[in-house]
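Taken together, the values in this text are just the output of simple stated rules run on the coordinates, not laboratory data. The shown structure was predicted, so the numbers you read here are calculated from the model rather than taken from an experiment. Positions of Cβ are generated from backbone atoms using ideal geometry, with glycine treated the same way; all protein chains shown enter the neighbour counts.
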Amino acid sequence: MSWYDQIEERVREIIYTLRNSGINTINSNGKGYIEAEWHNDSDAETIFRICHNAGYKSVRLDCVWTTFPMPQKYIKIRLYDKKFGNVPETYVPKSFLKKVIPKESIEEGERLDSHEVTRHFKRMTVTYHGEIIKYFKGYFPEMIFVSQFDERIRNEIMPTEKDKQMIYVLNYDLRKEQEFGEVIDSLGSELKDICFYKLTKEQTEKQIELFKKLKIL
């Protein structure tokens with residue numbers, strides 16, 4: 001019996017294609033769930049293209065990068081299809097928001113102390129916020145978005161919300177309230193841990209000397 005014969009038949013063909021395209025799968029089941037190793041930044045796009053070309057129109061990929069209890073990177077693949085019996089009637093694919101991985105990645109097997117973990121998390125978060133800000137600037141070019149992790153304000157006293165990462169929005173236009181909310185909603189759970197703190201005119205004026213000094217305005 002070959003190794004592929006041991007794989008559940010409903011995912012056997014797609015796993016065969018993935019592995020022969022350089023994607024090393026490590027786990028799967030007959031309900032459309034597959035796990036694969038994550039080595040290159042392009043792996044997720046390769047997996048999506050392969051699955052899409054195989055006829056799967058609804059595909060969800062979760063790129064997991066953990067530092068605890070040990071550094072580990074892998075990709076969760078969920079294929080939604082009638083043959084798996086897992087397509088909710090309300091399923092709507094969410095907008096794709098590309099996250100850029102920091103260039104200084106953790107080497108496989110490298111151990112990090114608590115300070116390094118914190119520093120590494122901040123580096124990832126700054127990059128993540130940078131991509132989100134770039135995404136929103138495409139919709140609202142007249143607004144200014146500033147991450148709480150921005151070096152220019154990291155040590156300044158700014159409004160915060162408990163258990164939330166903060167992105168401050170200056171030049172916020174109340175007339176765009178609904179439009180702004182729709183863009184946030186379109187990204188769904190991607191932004192559940194982030195608060196877009198929209199500074200009022202009064203709050204902006206209160207901080208105007210700081211913003212000018214830091215060349216944010």
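Could you list the residues of region 1-16 with an amide nitrogen less than 17 Å from a label point located 7 Å from the Cα of LYS83 in the Cα-to-C-beta direction? 4-16, by backbone N distance to the label point. The value of relative contact order for region 3-84, using C-alpha pairs under 8 Å at least six residues apart, is 28 percent. Using only side-chain charges placed at the Cβ, +1 for Lys and Arg and -1 for Asp and Glu, the dipole size of region 3-84 relative to its Cα centre rounds to 320 debye. The per residue volume of the convex hull around the alpha-carbon atoms of region 3-84 is 94 Å³. Annotation: extensible slack from LYS137 through ILE26 equals 36.1 nm (criterion: 0.36 nm per residue apart, minus Cα-Cα distance).
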